[in-house]
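Read through the structure below, which is laid out as structure tokens, and then see the notes.
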Amino acid sequence: MITYIARRLGQSVFLIFGAITIVFLVLRVIPGDPAALMLGSQATEEELAAARQQLGLDDPLWQQYVRHLGEVVTLDFGESWRLGGDALGNVLDRLPATVTLAGYALLFTLLLGFPLGVYAARHEGKLVDRLVSYLSLAGQALPSFWVGLMLVLIFARILGVLPGTANGTPASVILPAFTLALPFLGWLARLVRNGTLEELGKEYVRTARSKGLSERVVFNVHVLRNTLTPVVTVLGLVLGNFIADAVIIEQVFAWPGIGTLMIDSIIHRDYAVAEAAIVLIAVFYILLNLLVDVLYFYLDPRITLETV
């Protein structure tokens with residue numbers, strides 16, 4: 001196990017290195033002059049030139065890249081010219097808000113998606129099964145930003161029962177968390193339904209029934225346990241996607257998380273903060289996938305190091 005984890009961590013280092021490289025290159029080919037944005041339209045050419053030199057933008061791209069790699073290794077992404085202070089520190093200040101949003105979205109996904117999938121499987125071919133399938137597909141097909149705007153219009157503007165933007169109250173997380181969860185909720189429901197039906201058709205279920213075990217024991221103890229393995233796989237990917245997709249949802253609901261900070265930093269060419277935010281999301285996603293692989297061994301003893 002230790003050897004496997006060490007090997008995966010080594011692979012993760014290369015993935016993180018690739019993410020840093022891509023982010024560095026993409027941000028610097030985007031049109032716009034950080035010096036002009038920092039100093040404003042009234043700045044003279046001499047002031048702009050001095051600002052570019054101070055930011056290191058006058059150096060060749062490869063020199064900027066080498067210097068940037070050396071800084072990132074020590075977790076130094078530089079200073080934010082727009083917000084002031086350490087860039088990574090600014091991102092970490094916003095991290096709790098994004099993690100809270102992703103956590104509630106994951107809670108909605110589990111509390112709604114898993115029971116719906118199980119219920120649909122127990123009523124295969126009936127109206128409720130078809131209804132769950134149709135609603136799941138609709139939830140995955142509808143654009144999240146449109147769903148968010150409709151929820152704000154209905155529940156915040158028309159009904160006035162929930163806040164449409166972040167206002168510091170617990171209720172303000174409901175609409176953005178549900179909007180973030182909706183596509184993955186449908187995905188989970190369909191996965192659980194199909195996985196449960198597949199398990200119900202296997203030989204060990206027929207054997208358990210022939211031994212006289214009650215249907216409740218067969219289903220709850222044996223079938224649901226074996227359904228958990230693909231569910232954990234999806235939830236690991238879903239949680240990573242929650243952090244990434246929060247970029248759009250946070251904009252819709254004015255949620256003060258990493259996504260809002262990253263978009264504002266890209267618009268204002270605050271390279272340091274934008275890079276710190278994107279790299280943090282990439283590292284989180286990579287390490288989360290490693291954690292999911294490790295959990296396989298505890299959920300399904302049939303899985304070996306060679307099969308992961």
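Points to keep in mind about this one:
- Considering segment 25-70, the residues that are modelled with pLDDT under 75 and among the polar types (S, T, N, Q) include one that is nearest to Ala87 (Cα to Cα), namely Gln54.
Matching residues to (1) β-branched (Val, Ile, Thr); (2) modelled with pLDDT under 75:
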position: Thr207; (1), (2): yes, no
position: Val223; (1), (2): yes, no
position: Asn226; (1), (2): no, no
position: Thr229; (1), (2): yes, yes
position: Val232; (1), (2): yes, yes
position: Val247; (1), (2): yes, no
position: Leu288; (1), (2): no, no
position: Val308; (1), (2): yes, yes
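- Candidate set from segment 47-94 (those that are among the small types (Gly, Ala, Ser) and touching a residue at least 40 places away in the same chain (Cβ under 8 Å)); member that is farthest from Ala35 (Cα to Cα): Ala87
- Pick from segment 53-85, criterion surrounded by 12 or more Cβ atoms within 10 Å (Cβ to Cβ) and aromatic (Phe, Trp, Tyr), ranking: nearest to Asp270 (Cα to Cα): Trp81
- Complete set of residues in segment 43-102 that are of a type outside the set (Asp, Glu), outside any helix (DSSP H, G or I) and closer than 16 Å to Ala276 by Cβ: Thr74, Leu75, Phe77, Gly78, Ser80, Trp81, Arg82, Leu83, Gly84, Gly85
- Of the residues making up segment 127-150, at least one is closer than 28 Å to Ala282 by Cα, of a type in the set (A, V, I, L, M, F, W, C), modelled with pLDDT of 90 or more and surrounded by 15 or more Cβ atoms within 10 Å (Cβ to Cβ).
- Taken over segment 213-246, the criterion of being among the aliphatic types (A, V, I, L, M), free of Cβ contacts under 8 Å to residues at least 60 places away in the same chain and closer than 27 Å to Leu295 by Cβ is satisfied by Val217, Val218, Val221, Val223, Val234, Leu237, Ala244.
- Subset tally (residues that are among the aromatic types (Phe, Trp, Tyr) and either on the phi > 0 side of the Ramachandran plot or at pLDDT 90 or above (or both)) for segment 174-186: 1
- Looking only at segment 151-179, and only at residues there that are β-branched (Val, Ile, Thr) and touching a Leu at 6+ places or on another chain (Cβ under 7 Å), the one that is surrounded by the fewest Cβ atoms within 10 Å (Cβ to Cβ): Ile174
- Taken together, the criteria place Ala35 among residues that are surrounded by 17 or more Cβ atoms within 10 Å (Cβ to Cβ), free of Cβ contacts under 8 Å to residues at least 60 places away in the same chain and more than 23 Å from the chain's Cα centre (by Cα).
- If the condition is being among the polar types (S, T, N, Q) and crowded, with 17+ Cβ neighbours inside 10 Å, then segment 197-237 contributes Asn226, Thr227, Thr233.
- Residue check, Arg206 over 26 Å from Val99 (Cβ atoms), in contact (Cβ under 8 Å) with a residue 40 or more places away in the chain and part of a helix (DSSP H, G or I): no
- Scanning segment 249-271 for residues that are at pLDDT below 85 and either within 11 Å of the chain's Cα centre (by Cα) or on the phi < 0 side of the Ramachandran plot (or both) gives Ile266, Ile267, His268, Asp270, Tyr271.
- Test: residue in segment 232-255 that is among the polar types (S, T, N, Q) and either more than 30 Å from Leu55 (Cα to Cα) or touching a Cys at 6+ places or on another chain (Cβ under 8 Å) (or both): yes
The values are calculated or read from the model by the stated rules, or taken from the named source; none is laboratory data. All values derive from a computational prediction rather than experimental measurement. A quick note on method: Cβ atoms are made from the backbone with ideal geometry, for glycine too, and the neighbour counts reach across all protein chains shown.
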